[in-house]
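Participant: Can you keep this structure in mind? I'll have questions shortly.
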Amino acid sequence: MMERLFSLASRLVLRYGILRSTVRSGLSFSRTYPVWEILSKARAGKDAVYPFNELEEYGRALLGAEVYEPGYPRFHTLDRLVLLPPAFTPNRLAKMGELLREPLYTDVRTECFVGGFKVKLPLVVGSMGSTDVASRVGVELARGAAKAGIVMGIGENVATMRGYDRRRCRNHPSLKERLMAYLENMKDGFGGIIIQQSVEDAYDELWNRIYSDVDLESYFEEGVVGFEIKVGQGAKPGLGGEVKVSRDLALELKDKYYLPEDPEIVIKDFYERHSAPGTFTEAILSSMIRLLKNNYPRARVWVKLGPYRDLVRVIKICSDAGTDAITVDGKEGGTGMSPIVALKDLGLPTLACLKRIGDAKRLGVSSSMVVSGGLYSGSHLVKALALGADAVAMGRPFIIAVQAKGERGVTNFVEAVRAEAQMLTSALDKYSLKDLSPEDLGSLDKDIADALELSYIYS
Amino acid sequence: MYYFLFKFRHHDVYFTNLFEQLLNHTKLKAFVMRSVEVRYHPSVRQLESMTSREGYLEELKNLLSRSYRLVRDERYKVVYRMQAELLAAIREYLDSRGFVELLPPIIGPVTDPGIRGAKQVTVDFYGSEYKVMSSAILYKQMMATTLGKIYFASPNVRLEPPETVYTGRHLVEFVQVDVEVAGADYRDAMNLAEELLCHVIKRVREERYMELELLGRELPAFSPPFKRYTHAEAVDILRNLGFKTSRSTEIPWEGEKILSGLHDEPFFIYNYPRGARGFYDREDPEKPGILRDFDMLYPEGFGEAISGAEREYTSEKVLERMRETGENPVKYKWYLEMLRDGVEPSAGFGIGVERLTRFVCGLEAVWMARPYPKLPGIYSP
């Protein structure tokens with residue numbers, strides 16, 4: 001009797017505990033991350049650029065409430081920079097000459113090339129993999145990104161965990177469903193899709209499989225498919241992926257992944273699944289890039305780097321080997337399934353990565369440089385481009401957007417970011433995103449100003 | 001459909017200026033070719049006009065869906081007889097030089113990953129996965145260590161990318177004679193390869209001149225040594241012709257065809273850059289980034305004949321090279337353990353039997369060079 005009571009009580013505690021931790025994590029996420037800002041963009045698209053629909057927030061902001069508090073970690077971010085518009089605008093005059101009317105912000109050109117793809121906006125849906133939160137919405141996200149004309153990545157382990165063409169898990173699309181959802185919704189050749197292959201995906205030769213898939217042949221011919229070598233992830237550079245999997249899946253995957261508990265011996269509902277981060281040296285990485293170009297001549301080659309201390313050198317090596325685009329994921333990025341210590345203390349913040357991107361560019365880099373990690377607005381896009389990036393990748397904003405309003409949420413969000421970027425750029429007297437430069441930026445901190453060679457706004 | 005069934009044609013006219021032809025090819029439109037004497041065999045030109053025709057793929061699918069009809073055609077009968085002769089000639093040469101022919105492995109836990117964009121075939125093996133050999137490469141080193149000189153007549157399967165259906169030189173299922181010599185370096189392997197080819201050509205010219213005549217094939221006698229270019233030199237030749245080629249990758253198929261069209265005799269390209277080949281091609285210890293490997297190409301636009309190399313034979317070096325394909329080395333456990341146990345340094349090559357047949361018979365495409373061909377993306381008997 002006592003035993004049963006005890007077990008009931010412990011179950012209640014457990015359930016309550018789980019519930020509480022869910023609520024807590026939900027609350028802390030909305031407190032530390034600008035969920036509402038992204039939600040309103042996802043709901044309202046361009047209209048969300050003005051806080052008209054959130055009058056309450058608007059008012060609070062005016063009163064100096066904590067609207068800008070979310071998104072402030074303990075290290076410096078792009079939010080420590082401001083944009084510095086000039087009063088005299090000779091470029092606007094030139095643009096007026098071209099248009100024969102006063103230019104508007106909508107005249108700012110955002111179409112460009114990123115990593116060998118023609119895009120509507122230099123914004124990339126960062127590669128998200130098999131993790132529950134990204135996997136479930138994978139198809140809608142793909143449709144939205146394709147319709148918005150921006151590049152999308154598909155992360156590691158999707159084929160191995162969720163199936164290549166046939167589904168392995170309920171409610172989770174297979175890799176090919178996500179791929180086709182993207183490719184079949186592209187418009188006028190804008191966009192492109194890149195696919196990662198983990199050490200474990202390589203076991204089944206994922207890239208070879210994609211490259212020899214008859215259904216994808218015409219898309220390779222069009223040049224809208226690429227492969228992304230992953231050399232790390234923002235929040236956990238140097239670490240592999242950890243996921244929990246069901247027993248059925250664990251039994252299937254036990255030859256390919258490292259499972260600390262053998263599902264044939266230990267009976268549990270869920271098992272930890274570890275995936276290796278992969279070993280790299282200069283020779284390995286550059287040969288890998290060449291091998292990719294050699295084996296898949298019609299695929300673009302992208303490389304995703306974590307926030308490593310030797311970024312400048314790695315970027316240069318990737319570029320020299322002929323990579324189409326290099327994404328640098330700052331430590332605020334790729335937070336899904338990352339250990340807390342890594343989230344806190346491992347790797348360079350995004351702003352520091354941007355500094356290194358600038359340094360690498362001075363050495364001569366021919367690849368497109370993409371930066372990501374805690375970026376979520378048109379202002380972040382403009383600041384990153386002004387610091388030398390060619391595009392920005394985002395992850396969480398797209399997950400929130402797609403969960404709020406499906407594929408429409410994604411297109412709305414992109415539309416909003418585009419409008420913001422156009423406004424800011426036009427205010428800076430530039431009419432193409434490509435023309436943004438460090439002169440457009442000012443720093444609120446002296447040390448950042450010195451390090452990034454920006455003007456210190458109070459001096 | 002009748003197109004492929006026509007009887008014996010006589011190819012004695014060579015078209016010397018293929019400028020126009022090259023420019024017509026979509027892949028080459030972007031390049032401005034300077035006037036140069038590219039001599040393609042009429043069959044090679046024939047293939048170009050066949051593949052550029054609307055509906056080629058459909059025709060091919062129709063034809064191959066009843067490939068049992070093809071094998072009854074007179075021309076094909078001659079081709080098959082010729083193929084038997086070629087295999088016999090290869091065996092005659094190798095056997096006379098002390099090589100031991102071994103039975104080829106068909107399935108195993110892993111196979112050759114160093115193939116351009118092609119997928120391997122997986123089969124269920126009592127609940128575990130086995131691969132169908134895409135080449136016997138992983139089995140050659142230990143057999144050479146044991147027996148000194150060995151070869152397999154090895155059937156291989158590679159699910160090539162669908163685009164390769166147009167190249168005229170890719171088959172999903174094919175046979176290669178896979179040769180390995182313990183203690184040899186890649187130059188020894190090149191010498192062996194050219195002598196082997198010369199012997200084979202000599203024998204068919206002597207024994208099968210009737211068939212050659214029926215096929216309308218004028219086959220000159222070749223004599224070693226063949227011309228040898230480093231990969232860098234080959235790239236320079238192509239670049240001078242206005243054909244864009246990377247120094248760090250294999251030469252694209254179109255590029256190989258052009259180089260091949262510039263020659264009347266087979267020739268070698270050696271020292272490919274690291275990253276262009278599988279982990280088993282040995283990196284030159286004195287020249288990092290350069291591999292001690294080679295390809296032999298047929299003349300007249302027929303392209304690649306033989307691919308060979310000196311082998312990496314230490315597990316440390318192979319582990320590093322394996323990472324190039326992004327794989328977990330645990331997959332190759334038995335192979336790595338074998339290397340750690342110790343194998344002798346060796347070198348070798350593989351010669352594709354269907355490609356050899358295509359060249360000797362002067363056929364338009366390699367699928368004509370074997371019964372019941374399997375082509376990328378085409379389901380056929």
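Participant: Can you tell me how many residues in the range B:257-296 are in contact with a helix residue (DSSP H, G or I) (Cβ under 7 Å, 6 or more places away or on another chain), in a loop (DSSP other than H, G, I, E, B), within 30 Å of B:L219 (Cα to Cα) and among the charged types (D, E, K, R)?
Facilitator: Matching residues across the range B:257-296 total 0.
Participant: Here's something else I'd like to know. Among the residues of the range A:155-195, which ones are small (G, A, S), more than 19 Å from the chain's Cα centre (by Cα) and not in a helix (DSSP H, G or I)?
Facilitator: A:G163, A:S174, A:G189
Participant: Output the number of residues of the range A:314-341 satisfying the condition of being more than 14 Å from every other protein chain (Cβ to nearest Cβ) and among the polar types (S, T, N, Q).
Facilitator: At the first step, the residues of the range A:314-341 found to be more than 14 Å from every other protein chain (Cβ to nearest Cβ) are A:314-316, A:325-341.
Now narrow it down to the ones that are among the polar types (S, T, N, Q): A:327, A:335, A:338.
Residues meeting the conditions: 3.
Participant: Can you find a residue that is without any contact (Cβ under 8 Å) to a residue 12 or more places away in the chain, assigned to a helix (DSSP H, G or I) and not charged (D, E, K, R) anywhere in the range B:320-342?
Facilitator: yes
Participant: Okay, next question. Restricting to the range A:178-211, count the residues that are surrounded by fewer than 24 Cβ atoms within 10 Å (Cβ to Cβ), within 14 Å of chain B (Cβ to nearest Cβ) and more than 21 Å from A:V231 (Cα to Cα).
Facilitator: Result for the range A:178-211: 1.
Participant: Given the residues B:G301, B:G350, B:G377, B:G308, which is the only one that is within 23 Å of the chain's Cα centre (by Cα), assigned to a loop (DSSP other than H, G, I, E, B) and surrounded by 22 or more Cβ atoms within 10 Å (Cβ to Cβ)?
Facilitator: On the way: B:G350 fails: assigned to a loop (DSSP other than H, G, I, E, B); B:G377 fails: surrounded by 22 or more Cβ atoms within 10 Å (Cβ to Cβ); B:G308 fails: assigned to a loop (DSSP other than H, G, I, E, B).
The unique qualifying residue is B:G301.
Participant: Would you be able to say whether some residue in the range A:426-435 is buried (at least 20 other Cβ atoms within 10 Å of the Cβ) and without any contact (Cβ under 8 Å) to a residue 60 or more places away in the chain?
Facilitator: no
Participant: In the range B:118-156, which residue that is among the hydrophobic types (A, V, I, L, M, F, W, C), surrounded by 22 or more Cβ atoms within 10 Å (Cβ to Cβ) and in a loop (DSSP other than H, G, I, E, B) is nearest to the other protein chains (Cβ to nearest Cβ)?
Facilitator: B:A118
Participant: A further question on this structure: Every residue in the range B:214-232 that is surrounded by 13 or more Cβ atoms within 10 Å (Cβ to Cβ) and either without any contact (Cβ under 8 Å) to a residue 24 or more places away in the chain or aliphatic (A, V, I, L, M) (or both), please.
Facilitator: B:L214, B:L215, B:L219, B:A232
Participant: Another question, then. Which number in (1) within 14 Å of another protein chain (Cβ to nearest Cβ); (2) in contact with a Phe, Trp or Tyr (Cβ under 7 Å, 6 or more places away or on another chain) marks the one condition that A:T281 misses?
Facilitator: (2)
Participant: Go through (1) away from chain A (no Cβ under 13 Å); (2) surrounded by 15 or more Cβ atoms within 10 Å (Cβ to Cβ); (3) under 21 Å from the mean Cα position of the chain (by Cα) and name the single condition B:I115 misses.
Facilitator: (1)
Participant: Checking A:E217 against (1) among the acidic types (D, E); (2) within 22 Å of A:R166 (Cβ to Cβ); (3) in a strand (DSSP E or B), which single condition isn't satisfied?
Facilitator: (3)
Participant: With A:P307, A:P237 as the choices, which residue is more than 10 Å from chain B (Cβ to nearest Cβ), in a loop (DSSP other than H, G, I, E, B) and modelled with pLDDT of 95 or more?
Facilitator: Details: A:P237 fails: modelled with pLDDT of 95 or more.
Criteria check complete, one pass: A:P307.
Participant: Another question, then. Can we say B:G308 is away from chain A (no Cβ under 14 Å), modelled with pLDDT of 95 or more, more than 22 Å from A:S286 (Cβ to Cβ) and touching an Asp or Glu at 6+ places or on another chain (Cβ under 9 Å)? Give the steps one after another, and end with the answer.
Facilitator: Details: away from chain A (no Cβ under 14 Å): yes; modelled with pLDDT of 95 or more: yes; more than 22 Å from A:S286 (Cβ to Cβ): yes; touching an Asp or Glu at 6+ places or on another chain (Cβ under 9 Å): yes.
Considered against the rule, which asks whether it is away from chain A (no Cβ under 14 Å), modelled with pLDDT of 95 or more, more than 22 Å from A:S286 (Cβ to Cβ) and touching an Asp or Glu at 6+ places or on another chain (Cβ under 9 Å), B:G308 comes out as yes.
The values are calculated or read from the model by the stated rules, or taken from the named source; none is laboratory data. If you're wondering where the values come from, they're calculated on a predicted model, not measured in any experiment. As a convention, Cβ positions derive from the backbone with ideal geometry for all residues, glycine included, and neighbour counts pool all protein chains shown.
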